[in-house]
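Everything below concerns the one structure shown next.
None of the figures in this text is laboratory data; all of them are computed from the coordinates on show. Not measured: the values here are computed from a predicted model. When we count neighbours, we look across all protein chains shown, and the Cβ atoms used for this are built from the backbone with ideal geometry, even at glycine.
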C-alpha cells in the first residue's frame, strides 16, 4: 500500500486515525495495540508471507535487548552476547539481500555453477534491521528505558517510518507515546501534518514522477546497449538526479506529516542537500538519519578520527563503501559508496590544506562555485546508483564526457535527433505517457531546469513551516533567507493553495509509482 494511493489516503489512513483517537480516549495501551495491528496490516498488504520475518525478528531482538540491559553479566560475556545478536541480524539481512549476489560472484570468480533460486527481498528489511541494531547497542550501553514488548513492536512497526525511514532511535519516539496529549485529537497538529503530507505528495506525484520518464528512457536505452549522445547522457543523469531528490524528499515529508497527524514528531531526514557547499554538508542534509547511523554505529566503531588522519580517511572510505553496499547488492552500489568515500576524504584533505595556509573565509562567488562542484560530483555518483550495473554506468559516463560517437535511440531529445521510434513508443507506452509530448526536448529540459531552480532557490518544506515545530530536531541553513509570504500560516490563502496541490496530486494518483527507496 503506497502513501500515494487511493486505498491509503481514503481508506487505511482515515480508519487508522479514527480508531486510534477513539481508543486513546479509553486507554493509551489499546491505542498503541491498534497502531501495531494496523502497521502489521500495512506491512502485510505488500506480502503477507513475510510477516513472519518481522514478527520473529522483533521477538528475538526485544528479548536480546532485555538480556543486554541486565547488569549481572560479566563484561566479556555481555560483549559476546551483543556480537552474537548483531551477527544474527546481519546474517538475516545478508541472506535476503546478498545471497544471490554472493553466489553470482563466486561463480564468476571461481568458474563454478552454484545455483540459488532468486530470493525476494522483504520490504523495509534494511531499515528495520538498522533500527533494531541501534536498539541492541543502546541496550548494551544501558541507554534503553523500561519498555514492554508492545512498546517495542510499535517502535519497530509504526507504518510512517517502517518501509523507508527515517531510521529513528527509541528515545526519539517512545517517550512521545508516554504523553497523554498524543491520544487526544489536536486540530493544530492535524492541520500541520496534512500540510506537510500534501507538500510531500505533490513532490512525489507531480514533480518526481513527471521527470522519471526521461530518466527511465535514457537509462533503459543505455542498458540495452544503445549509444547515447553527450546531451542525452547528461539529460538522463540530471533527470534521475531530480527524480530521486523529489521522490525521497516527498517521502520524507509524507512520513513526517503522517507522524504529526498522530501527534508524533520524527527526526529531520532531508534538508535541501543540493544547496550543500561541500560533500560533508551534503551528507548532513541527505538521508540525515542514515548518515547519523553510519557515523555513530560504524564510523566511530571503526575508530573515527581518534587514531590520526590516515586512519580517519580509511574509516571514512570503509564506512561509505559499506553504506553503498547497504543500498543494494551490486558492484554499482559499491562504486557509488566508494566515490562518496573518496569525495569525503578529498574534502577533509582540502579543508586541512585551507586551515594550514590560513584560508578560512569564503565569498559568495566561492560558495556558489563550491555548490556547483559538489552538485556535479553528486550527479556523477548518481549514475552508478541508478544504473542496472557498473557497465551501463560507465557507458553513460563515457557519453557524458563526450566520447560517444553513435546517435542515441532514447527519447529525451525527441524525434529528429536520431531517436528510435520503436524504443520511444515502447518506453513511453510502458510509462503511460504520450511519446510526442514527453519525448520533446523542450519539455524534458524545461522540467530539468525548473526542478533545478526549485531545489536550488526555493525554501524546503521545513523552512516554510519553521514557525511550527514539525520535527524533534532541527537544522538551520545560515545562508537561507525566506520571504515572509513563503512562511506557512493557518490562513484561508494557504488552505486554498494546499487544497489545490492536494487535489491536483490526487487526480494523478492513477499514475502512481513506488518510492525509489522502497527497493533498498
- request: Go ahead and run the numbers for FRET between residue 112 and residue 519, Cβ-Cβ distance against an R0 of 22 Å, rounding to 0.05.
  value: 0.20
- request: Quote the FRET efficiency, to the nearest 0.05, computed for residue 391 versus residue 76 with a Förster distance R0 of 41 Å and r equal to the Cβ-Cβ distance.
  value: 0.30
task: With viscosity set to 1.567 mPa s and temperature to 4 °C, compute the Stokes-Einstein D of region 278-361, Rh being the Kirkwood radius across alpha carbon pairs; µm²/s, no decimals.
output: 98
message: For a quick check: sort 354, 466 by the number of other beta carbons within 10 angstrom, fewest at the front.
response: 354, 466
statement: Largest first and rounded to whole Å, the semi-axes √(5λ) derived from the alpha carbon gyration tensor of region 6-186 read 33, 25, 11
- prompt: Rounded to the nearest 500, what is the chain's calculated 222 nm mean residue ellipticity when only DSSP H runs of at least 4 contribute -39500 (n - 2.57) each, over all residues?
  reply: -20500 deg cm²/dmol
query: In what sequence, highest mean first, do 296-306, 323-333 appear when ranked by Cβ atoms within 10 angstrom?
result: 323-333, 296-306
message: What distance in nm separates the two pseudo spin-label positions at residue 489 and residue 84, each 7 Å out from Cα along the beta-carbon direction?
response: 6.2
task: Write down the radius of gyration of region 172-309 and its Dmax, each obtained from C-alpha positions, in Å.
output: 19.6, 61
- request: Compute the length gained on full extension between residue 59 and residue 102: take 0.36 nm times their separation in residues and subtract their Cα-Cα distance, giving the result in nm to one decimal.
  value: 12.7 nm
message: So for region 278-361, averaging the separation of alpha carbon pairs under 8 Å that are six or more residues apart and normalising by length, what relative contact order in percent results?
response: 25
Å³ per residue enclosed by the Cα convex hull of region 262-318: 96
message: Sorting check: for 473-480, 223-230, 271-278, which peptide has the highest mean count of neighbouring beta carbons within 10 Å, and how do the rest follow?
response: 271-278, 223-230, 473-480
Separation in nanometres of the label points that stand 7 Å from Cα toward Cβ, at residue 452 and residue 369: 1.9
field: Computed over region 229-305, the ratio Rg/Rh where both radii use C-alpha atoms and Rh is Kirkwood
entry: 1.09
statement: Per-residue Cβ contact counts at 10 Å, fewest first, order 98, 152 as 98, 152
- prompt: Hey, rough spin-label estimate for residue 499 and residue 361, points 7 angstrom out along Cα→Cβ, what's it come to in nanometres?
  reply: 5.3
